[in-house]
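Asks: Before I ask anything, let me first share the structure, which is written out below as structure tokens.
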Amino acid sequence: MAEQGSKTSRIRATGRRRRPAGKGRKALTVAAWSAAGLVLVGGCGFGYVYYTLNGNIDSVDINSQLRDDERPQNVDNGSMDILVLGSDTRSGANGEYGRDEGAARSDTAMVLHVYEGHKKASVVSVPRDTIVERPDCTDRAGAAVPGQRKAMFNTAYEVGGPACAVKTVEKMSGIRMDHYIEVDFTGFKKLIDELGGVEITTTEPIKDKSSHLDLAAGTHTLGGEQALGLVRTRKGVGDGSDLGRIQLQQAFMKAFIEQAKSVGVFSSPKKLWNLADTATKAIRPDSELDSVKELSDFAGGLKQLGADDVHMITLPVQYDPADLNRVVPLEAQGRQVWAALKADRPIPASATKDTAEGRAGGVVK
């Protein structure tokens, strides 16, 4: 993958890693909620439409901020790895979710691995409270930020932005990230609303004042505000931990993928336009995905994925004996996870055996 240079050189570099995707079924299917809707923009062939949608995209140049010789080797095996972050910034329209403290953290972090052939994928959720070794980074102004041996994972984004988050994930996994996609609270809400909501079933009541969520047991169609409340909930279910919240997020993602497939956007030009417009405003991709064409090509490679094709786990961790509000990686089992993905193999069941979990599994279906 090229570190810097023209758009053309970046596209060529990207192509070396990925093999052309076959013609999948004509349906919207995505592997992460942050990438939802992007496959649709491939149907917008008019110049003014492309111009408008391109103007929506606010990208970040990860490659120019990281030294190529300090990153893992880009293995050419037909797979693809993407770091997906949900930002918890409270600035601007997100101010209703808490006080703006001048810096955002990565509230949700997932490593999406798409296997060769793009018919299967694995998602590894990284708890935001995981204690990791954060490498040296630079902040948004270009100033050096010293690394820290024991730092919470989500502080990487706080002190050094997207590039530091990518660098931290690459250090802990040994896998080079091909792409980066970020979405914030407001963008997520609007995307869910544009899809017409997502249907889920709760097996027990969920009530969390912090996330403004109050759901009885039963089947619900969640609009954007309720969906955001669900993926932010931690105190209202399970053991009240971030691990429980991840279980809710993963269950919601499964439901989201199925809902996105059922939306009749191809028969409605207005629906197509509204969803593409919302999606391109909702996300912040890396600079190799900073145009409608690049985004639609990328998402087109994911459209064969259904909910049953995506295997989701949480990074193997245990509660930190020194602070039960934090978790520490189980090194041997973590190595199993990353080694499997690096070799483009399924994650073995032994990697997640007897790891800490939030006791919220099965609450959302």
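The values are calculated or read from the model by the stated rules, or taken from the named source; none is laboratory data. Predicted model, so just to flag it, every value in this text is computed and none were measured. Heads up, the Cβs are rebuilt from the backbone with ideal geometry, glycines too, and the neighbour counts pull from every protein chain shown. To get the accessible areas, we keep the full protein, side chains included, count just its heavy atoms, and leave off ligands, DNA and RNA. Shrake-Rupley method; radii C 1.70, N 1.55, O 1.52, S 1.80 Å.
Asks: Kindly provide the set of residues from the stretch 341-358 that are surrounded by fewer than 17 Cβ atoms within 10 Å (Cβ to Cβ) and either modelled with pLDDT under 95 or not in a loop (DSSP other than H, G, I, E, B) (or both), ordered by number.
Replies: 349, 350, 353, 354
Asks: If you don't mind, another one. What's the total number of residues in the stretch 146-194 that are among the charged types (D, E, K, R) and in contact with a helix residue (DSSP H, G or I) (Cβ under 8 Å, 6 or more places away or on another chain)?
Replies: Going through the stretch 146-194 one residue at a time, the tally reaches 9.
Asks: Under 6 Å by Cβ, and 6 or more places apart or on different chains, what pairs join a residue from the stretch 286-302 that is of a type in the set (Asp, Glu) with one that is at pLDDT below 90?
Replies: From the stretch 286-302, the pairs are 288/10; 288/14.
Asks: Identify, from the list 323, 309, 297, the residue that is open to solvent by 20 Å² or more (accessible area, probe 1.4 Å), touching a strand residue (DSSP E or B) at 6+ places or on another chain (Cβ under 7 Å) and at pLDDT below 95.
Replies: Matching residue, one of 323, 309, 297: 309.
Asks: Further question on the same structure: Return the residues of the stretch 184-210 that are modelled with pLDDT of 90 or more, of a type outside the set (D, E, K, R), in a loop (DSSP other than H, G, I, E, B) and open to solvent by 30 Å² or more (accessible area, probe 1.4 Å); say none if nothing qualifies.
Replies: 203, 205
Asks: Output yes when any residue across the stretch 153-169 is within 18 Å of residue 111 (Cα to Cα) and surrounded by fewer than 19 Cβ atoms within 10 Å (Cβ to Cβ), and no when none is.
Replies: Within the stretch 153-169, not a single residue is within 18 Å of residue 111 (Cα to Cα) and surrounded by fewer than 19 Cβ atoms within 10 Å (Cβ to Cβ).
Asks: Across the stretch 326-340, which residue is nearest to the chain's Cα centre (by Cα) among those that are crowded, with 16+ Cβ neighbours inside 10 Å and among the aliphatic types (A, V, I, L, M)?
Replies: 337
Asks: Give the number of residues within the stretch 205-243 that are polar (S, T, N, Q) and touching a helix residue (DSSP H, G or I) at 6+ places or on another chain (Cβ under 7 Å).
Replies: Final tally of qualifying residues: 2.
Asks: Ok, one more. Could you please find all residues in the stretch 117-168 being modelled with pLDDT of 95 or more and acidic (Asp, Glu)?
Replies: 133, 136
Asks: Pick from 175, 181: which is open to solvent by less than 20 Å² (accessible area, probe 1.4 Å), touching a Lys or Arg at 6+ places or on another chain (Cβ under 6 Å) and within 30 Å of residue 138 (Cα to Cα)?
Replies: 175
Asks: Return the only residue of 347, 257, 283 being more than 17 Å from residue 125 (Cβ to Cβ) and either among the acidic types (Asp, Glu) or within 20 Å of the chain's Cα centre (by Cα) (or both).
Replies: 283
Asks: Another question, then. Give me the pairs, please: first residue somewhere in the stretch 236-251 and open to solvent by 20 Å² or more (accessible area, probe 1.4 Å), second residue anywhere and in a helix (DSSP H, G or I) and modelled with pLDDT of 90 or more, beta-carbon distance under 6 Å, and either six or more positions apart or on two chains.
Replies: 238/244
Asks: Regarding residue 284, is this residue among the charged types (D, E, K, R), closer than 29 Å to residue 341 by Cα and touching an Asp or Glu at 6+ places or on another chain (Cβ under 7 Å)?
Replies: yes
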